[in-house]
Amino acid sequence: MSNPKVIEHLRQVEIFLGLVDSELLKVSTLCRGLKVAAGKTIFREGDSGNEIFIILEGSVRVMINTRNADGTFSPSTINLLYPRQCFGEMILLNSAARSATIEAVDPTTLIVMQEHDFRQLCESDPRIGYVVIRNLAQDLAFKLRSSNLLLRGQIRWQHDELGKIHSSS
């Protein structure tokens with residue numbers, strides 16, 4: 001999938017910010033395209049996986065299974081991701097099971113890279129590895145903060161803290 005158009009797209013991807021064109025060219029040789037229909041699940045929470053996905057066009061919903069009041073579980077949306085964002089990237093940090101379910105919201109075009117190939121590239125070119133891991137850490141910190149805000153709101157709502165705050169004003 002290595003071509004100037006792919007390099008232009010990679011240049012705008014958050015985890016690749018700071019890489020120069022020659023480094024992006026190396027990354028692009030690992031890429032393949034994947035088209036996903038709206039509503040299709042890309043992977044499920046708990047699945048094993050070894051691929052990193054970058055959104056080229058479209059959007060995806062990030063969902064986790066949450067417990068309902070009656071003890072059953074249902075999917076809850078925790079984030080929406082758009083072009084230039086990635087998912088499945090935690091595979092670069094550990095090989096644990098997928099932490100969420102990802103579903104295409106719109107017809108979505110993805111760039112896909114195998115973790116093993118990308119890890120080998122980072123080992124052979126440590127600057128690529130450093131830049132990507134630094135950007136990945138920033139991206140994951142942002143996602144964690146967003147999830148924490150959502151969780152805090154949910155906990156306050158469940159414990160009627162918001163009602164207590166409102167009634168005491």
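Rule-based calculations on the coordinates, nothing more; no lab input. Keep in mind the model is a prediction, meaning the values are calculated, not measured. As a convention, Cβ positions derive from the backbone with ideal geometry for all residues, glycine included, and neighbour counts pool all protein chains shown.
One table, with the values for the structure above:
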{"quantity": "Count of Lys pairs (Cα-Cα under 24 Å; at least 8 positions apart or interchain) in the chain", "calculated": "4"}
{"quantity": "Cut-off 14 Å (backbone N to label point 7 Å along Cα→Cβ of Val105), residues of region 40-62", "calculated": "40, 55-62"}
{"quantity": "Sequence of His116, His9 once ranked by neighbouring C-beta atoms within 10 Å, starting from the fewest", "calculated": "His116, His9"}
{"quantity": "Net lengthening on full extension, Phe142/Ser59 (0.36 nm per residue, minus Cα-Cα)", "calculated": "28.1 nm"}
{"quantity": "Simple label model, 7 Å out from Cα along Cβ direction - Glu115 to Leu150, nm", "calculated": "2.1 nm"}
{"quantity": "Spin-label model distance (nm) - Ala96 vs Arg32, 7 Å beyond Cα toward Cβ", "calculated": "2.8 nm"}
{"quantity": "For peptides 103-115, 83-95, sequence by mean Cβ density within 10 Å, most packed first", "calculated": "103-115, 83-95"}
{"quantity": "Whether the chain is rounded, prolate or oblate, judged on the alpha carbon gyration tensor where a/c under 1.5 counts as rounded", "calculated": "prolate"}
{"quantity": "Built amide H within the under 5 Å cut-off of Lys40, gap 5+", "calculated": "Ala104"}
{"quantity": "For Ile78, distant residues with modelled amide H under 5 Å away", "calculated": "Val62, Met63, Ile64"}
{"quantity": "Relative contact order for the chain, counting Cα pairs under 8 Å that sit 6 or more residues apart, in percent", "calculated": "29 percent"}
